[in-house]
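Here's the structure, in structure tokens; my notes come after.
The values are calculated or read from the model by the stated rules, or taken from the named source; none is laboratory data. Predicted, not measured: the structure shown is a model, and the values here were computed from it. Methodologically, a virtual Cβ is constructed for each residue, glycine included, from the backbone with ideal geometry; neighbour enumeration extends over all protein chains shown.
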Amino acid sequence: MSTNSSPACANRASLPAPDLWAQRLLTVRAAALLCGAWVLVALVPFRRWRGRLGLADGGGLVPDIDRARWLARRVERAATRLRLPVKCLPRAMALSWLLRREGIAHCVAIAIRPAPMRDGADSLHAWVEAGDEVVLGQLPGPWHVLHRMPG
Amino acid sequence: MLTRQEARFSETRIDDEYVIMLLDTGEFLSLAGTAGAIWERIDGTRDRDALVADLTSDFAAPATQIAADVDEFLASLRESGLIAGS
């Protein structure tokens, strides 16, 4: 058995091969969705895609929060590897599409900081909530939610 | 009567400010001070003249100035699709 001090390497070494490939495939899918989200945000009016975010009802099932968190990690990993500057909204959109595909109830929240704290960067933010938890986009507040999708 | 087109926006109040998100474009508007005072009075119970009269009694400014400000603001709200009526 090889020794390696990197936790990431140890993690990969301990995953069965099919699970590792499933993880990689999800990350690739997340990257594609991030690119699509980036294009939508940049070029397509909000009204044309806002109805495709969030999922109110996952068939009456309790949201699989662990799965939502795992998918969120795939999105974050993909985002770090892309050369595009994918900020919070495309990330939230990509995760939302993955969650919708798996029927996991969630919402995408768009929020704003109070006026004295709007000094340019990061005065707006988007995140994904599943159950009572923010599974992607946690950022220290204060934040005031302007809109949730689905509404 | 002046009415809000509720389906066209989301709104939140932060202290003395109203922040509005236009659901067609995703743009944000910040309404504070006079604009906020006008916006909060658009509730389906007042027309333009009643709005001006209401603000004139509450603010120490000439009625003509208030009327001009109100007309300009209402025009911008109509252009954004946020209100209807007169």
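Here are some notes:
- Annotation note: of B:37, B:7, the sole residue that is more than 14 Å from every other protein chain (Cβ to nearest Cβ) and either surrounded by 13 or more Cβ atoms within 10 Å (Cβ to Cβ) or at pLDDT below 95 (or both) is B:37.
- Residue in the stretch A:62-83 that is more than 14 Å from chain B (Cβ to nearest Cβ), basic (Lys, Arg) and not in a helix (DSSP H, G or I) present: yes
- In the stretch A:37-47, residue farthest from the other protein chains (Cβ to nearest Cβ) [restricted to those that are in a helix (DSSP H, G or I) and free of Cβ contacts under 8 Å to residues at least 24 places away in the same chain]: A:39
- Residues of the stretch B:28-56 that are hydroxyl-bearing (Ser, Thr, Tyr) and farther than 30 Å from residue A:114 by Cβ: B:56 alone.
- Hits in the stretch B:23-59 (condition: more than 29 Å from residue A:48 (Cα to Cα) and of a type in the set (Val, Ile, Thr)): B:34, B:38, B:45, B:52, B:56
- Residue in the stretch A:126-137 that is surrounded by fewer than 21 Cβ atoms within 10 Å (Cβ to Cβ), in contact (Cβ under 8 Å) with a residue 24 or more places away in the chain, over 12 Å from the mean Cα position of the chain (by Cα) and closer than 27 Å to residue B:20 by Cα present: yes
- Some residue of the stretch A:63-80 being more than 19 Å from residue A:24 (Cα to Cα) and of a type outside the set (D, E, K, R): yes
- Qualifying residue in the stretch B:43-56 (condition: in contact with an Asp or Glu (Cβ under 8 Å, 6 or more places away or on another chain), assigned to a loop (DSSP other than H, G, I, E, B), of a type outside the set (Phe, Trp, Tyr) and within 17 Å of residue B:75 (Cα to Cα)): yes
- For the stretch B:53-83, the set of residues classified as loosely packed, with under 15 Cβ neighbours inside 10 Å and under 19 Å from residue B:25 (Cα atoms) consists of B:75, B:76, B:79, listed by residue number.
- Residue among B:12, B:25 that alone is within 14 Å of chain A (Cβ to nearest Cβ), exposed (fewer than 14 other Cβ atoms within 10 Å of the Cβ) and not in a helix (DSSP H, G or I): B:25
- Selected residue (criterion: surrounded by the fewest Cβ atoms within 10 Å (Cβ to Cβ)) from residues of the stretch A:108-125 that are more than 12 Å from chain B (Cβ to nearest Cβ) and closer than 15 Å to residue B:21 by Cβ: A:125
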